[in-house]
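> Before we start, here is the structure in question, set down as structure tokens.
The values are calculated or read from the model by the stated rules, or taken from the named source; none is laboratory data. Values in this document were obtained by computation on a predicted structure and should not be read as measured data. Quick reminder, even Gly has a Cβ in these numbers, built from the backbone with ideal geometry, and neighbours come from all protein chains shown.
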Amino acid sequence: MTTSSIDVGQVRTRPQVKNSKPLWRRIVKHAVLILGAVLMIYPLLWMFGSSFKPESQILGTANPFPGKGANLKGYISGWSALGFPFWRYFLNSFVICVLCIVGNLLSCSLAAFAFARLEFRFKGKMFAIMMGTIILPFHVLVVPQFVLFRTMGMVDTILPLVVPKFLAVDAFFIFLMIQFMRNVPRELDEAAALDGCGPLGLYWRIMMPLCLPALATTAIFTFIFTYNDFFSQLLYLSDTSKFTVPLALRSFIDNTATSNYAGLLAMSTLALLPVIGFFLVFQKLLVEGIATTGIK
């Protein structure tokens, strides 16, 4: 037996040493994580539990559990407290969200395809200008946009909320798709060109199917941002029948009259369900889309 074979045998039979943290450190780490989770979940638990409490008990205690006086009066009264069934406000929000999602998916993907796969004059400068709009505060554009839409007769309609989405105004989603498209091999462009595909054919038949995770990420964030948007909808919508869920929830609080806190908390609980459901359904695509676009 040679020395090399002995060394190999010793290496193979050498026990592996586990580098584990002390037990007390793991206990402290898990305790801190559990405490942080409780602090974040508590407002949701309080909202859900208080939606079943009588009106007189909601603001009198920090206990999230409804207790013996639990009832469904908050859900019954809140559903029709604003003059219309609350499903109407859900429908208004969903219509706006769907149109915004379609607009962002089409316009942002087309803009991203142009920047990622095509060559044209002033491409670098236009890309820099587009990226510069990310740091531009939204409130800087509020007055000019409102004047423009009022001049066009679009105020008190959903058009000011939807039309900009079809014009590729969200630079963040454009950049996200650009990062994804840049990872697609260029050989596919050459193969598609040999098969007779032009730029639009390459975009629709090659890029769109391959960019499904990035498209799903854009759809999820667009839905969440639009569904939770309060300022823009408050600015452009004044007819109660056209109110969205955020505006309807704000209507439960009246500074000059009695506020319906039970109805507010009950409808707020229902308003969370679409966001949670939308996220759970597309969670896998969301994680994949963010992980493969270089945004970590």
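> For region 242-272, give me the residue count where each residue is closer than 26 Å to Val102 by Cα and either among the aromatic types (Phe, Trp, Tyr) or at pLDDT below 90 (or both).
Counting residues in region 242-272 that are closer than 26 Å to Val102 by Cα and either among the aromatic types (Phe, Trp, Tyr) or at pLDDT below 90 (or both) gives 1.
> Being of a type outside the set (A, V, I, L, M), part of a helix (DSSP H, G or I) and closer than 27 Å to Asn260 by Cα is the requirement here; does Gly74 meet it? First the steps, then the outcome.
Working: of a type outside the set (A, V, I, L, M): yes; part of a helix (DSSP H, G or I): yes; closer than 27 Å to Asn260 by Cα: yes.
In short, yes.
> Which condition number in (1) buried (at least 17 other Cβ atoms within 10 Å of the Cβ); (2) touching a residue at least 40 places away in the same chain (Cβ under 8 Å); (3) closer than 22 Å to Leu249 by Cα is the one that Gly49 fails?
The one condition Gly49 does not meet is (2).
> While we're on this one: With the requirement that a residue be β-branched (Val, Ile, Thr) and free of Cβ contacts under 8 Å to residues at least 24 places away in the same chain, what does region 226-252 give you? Working first, answer last.
To start, the set of residues in region 226-252 that are β-branched (Val, Ile, Thr) comprises 226, 240, 244-245.
Residues satisfying the conditions do not exist here.
> Check Lys29 against each of (1) surrounded by 16 or more Cβ atoms within 10 Å (Cβ to Cβ); (2) at pLDDT 90 or above; (3) outside the structural domain of Phe223 (by TED's automatic domain parsing) and name the one condition it does not meet.
It is condition (1) that Lys29 fails.
> Out of everything in region 229-286 that is touching a Gly at 6+ places or on another chain (Cβ under 9 Å) and among the aliphatic types (A, V, I, L, M), what residue ends up being surrounded by the fewest Cβ atoms within 10 Å (Cβ to Cβ)?
For region 229-286, the residue satisfying everything is Leu270.
> Taking the conditions exactly as written (of a type in the set (D, E, K, R) and closer than 30 Å to Ser238 by Cα), does Lys73 satisfy them or not?
Values: of a type in the set (D, E, K, R): yes; closer than 30 Å to Ser238 by Cα: yes.
Answer is yes for this residue.
> List every residue pair whose Cβ atoms lie under 6 Å apart, where the two residues are 6 or more positions apart in sequence or sit on different chains, the first residue falls within region 176-193 and is surrounded by 15 or more Cβ atoms within 10 Å (Cβ to Cβ), and the second residue, located anywhere, is part of a helix (DSSP H, G or I) and not hydrophobic (A, V, I, L, M, F, W, C).
Short answer, once both residue conditions are applied: Met177/Ser109.
> Something else now. Answer yes or no as to whether Ile295 is at pLDDT below 90, of a type in the set (Val, Ile, Thr), surrounded by 13 or more Cβ atoms within 10 Å (Cβ to Cβ) and more than 16 Å from Asn92 (Cα to Cα).
Details: at pLDDT below 90: yes; of a type in the set (Val, Ile, Thr): yes; surrounded by 13 or more Cβ atoms within 10 Å (Cβ to Cβ): yes; more than 16 Å from Asn92 (Cα to Cα): yes.
Against the criterion (at pLDDT below 90, of a type in the set (Val, Ile, Thr), surrounded by 13 or more Cβ atoms within 10 Å (Cβ to Cβ) and more than 16 Å from Asn92 (Cα to Cα)), Ile295 qualifies.
> Can Val102 be described as at pLDDT 90 or above, surrounded by 15 or more Cβ atoms within 10 Å (Cβ to Cβ) and either more than 25 Å from Leu212 (Cα to Cα) or within 19 Å of the chain's Cα centre (by Cα) (or both)?
Working: at pLDDT 90 or above: yes; surrounded by 15 or more Cβ atoms within 10 Å (Cβ to Cβ): yes; either more than 25 Å from Leu212 (Cα to Cα) or within 19 Å of the chain's Cα centre (by Cα) (or both): yes.
Yes.
> If you take the residues in region 55-71 that are of a type outside the set (Gly, Ala, Ser), free of Cβ contacts under 8 Å to residues at least 60 places away in the same chain and not in a loop (DSSP other than H, G, I, E, B), which one is nearest to Phe252 (Cα to Cα)? Show your work before the answer.
Of the residues in region 55-71, the ones of a type outside the set (Gly, Ala, Ser) are 55, 57-59, 61, 63-66, 68, 71.
Next, from what is left, pick out any that are free of Cβ contacts under 8 Å to residues at least 60 places away in the same chain: 57, 61, 63-66, 68, 71.
From what's left, not in a loop (DSSP other than H, G, I, E, B): 57, 68.
Values: Gln57: 17, Lys68: 25 Å.
The extreme case among them is Gln57.
> While we're here: List the helices (runs of 4 or more DSSP H) inside region 111-174, counting only whole elements, that have at least 1 residues being basic (Lys, Arg) and more than 25 Å from Thr240 (Cα to Cα). Break it down stepwise before answering.
Working: elements: 123-132, 142-151, 159-162.
Qualifying helices (runs of 4 or more DSSP H): 123-132.
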